[in-house]
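Structure first, then comments.
The values are calculated or read from the model by the stated rules, or taken from the named source; none is laboratory data. All values derive from a computational prediction rather than experimental measurement. Note: ideal-geometry Cβ built from the backbone for every residue, glycine included; neighbour counts use all protein chains shown.
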Amino acid sequence: MDMYDALFSAGYTLCERVARQVFDVLAENGPILSIMDRNGNCWASDPEAFDRHHPGETVLEDLWGKVDDGFEPAFATTDNGIVVTAQLATEHTNCGYLVLLLAPHDSVWTRDQMNLAEALFAQIGLVARLIETSTLLSDTQLKCYSVYGTSEAPAN
């Protein structure tokens with residue numbers, strides 16, 4: 001039963017919908033982006049490349065700890081490149097984390113690219129908020145229709 005609770009949670013559904021929207025517009029040879037929810041589910045823009053360049057659970061957990069403490073975006077340099085993480089959350093849903101894998105460069109280049117990573121993360125956050133707002137409005141509209149459809153009051 002717990003497996004199904006995770007699959008139908010608001011965070012899982014929102015992560016999946018954000019991934020579909022964002023990954024469609026990413027360049028094929030661009031950076032590797034993944035969305036990871038708090039239950040261990042992962043959506044990657046390029047799953048094979050993400051598996052090849054995966055920084056390891058220890059690195060990710062350390063970065064996520066920094067993000068949870070308010071240091072965002074957090075980054076680390078590994079043998080496979082640079083890992084940049086940020087939280088993916090909306091007003092109503094804490095989805096999990098964004099993980100961006102970049103090719104290895106020096107620390108000055110990484111520091112310079114943090115503004116671009118922050119802009120990308122902000123845009124993905126905006127996509128998540130728009131999807132969530134659209135879903136909430138649709139749900140409210142359906143509830144209104146069902147209330148008016150079952151009411152005994154005559155329609156004018």
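A few points about this structure:
- Failed item in (1) out of contact with any strand residue (DSSP E or B) (no Cβ under 7 Å at 6 or more places or on another chain); (2) within 24 Å of F23 (Cβ to Cβ); (3) modelled with pLDDT under 90, with S146 passing the rest: (2)
- Residue match in region 78-90 (condition: hydroxyl-bearing (S, T, Y), surrounded by fewer than 20 Cβ atoms within 10 Å (Cβ to Cβ) and touching a His at 6+ places or on another chain (Cβ under 9 Å)): yes
- Criterion (at pLDDT 90 or above and not aromatic (F, W, Y)) met by exactly one of P73, P154: P73
- The requirement of being at pLDDT 90 or above, within 16 Å of the chain's Cα centre (by Cα) and under 14 Å from G96 (Cα atoms) is not satisfied by R38.
- Residue within region 83-99 that is among the aliphatic types (A, V, I, L, M), over 14 Å from the mean Cα position of the chain (by Cα) and within 17 Å of A119 (Cβ to Cβ) present: no
- Among strands (runs of 3 or more DSSP E) entirely within region 46-156, having at least 2 residues that are in contact (Cβ under 8 Å) with a residue 60 or more places away in the chain and more than 20 Å from G11 (Cβ to Cβ) singles out 94-102.
- Selection within region 76-89: residues that are at pLDDT 90 or above and of a type outside the set (S, T, N, Q). The member of this set that is farthest from A49 (Cα to Cα) is A89.
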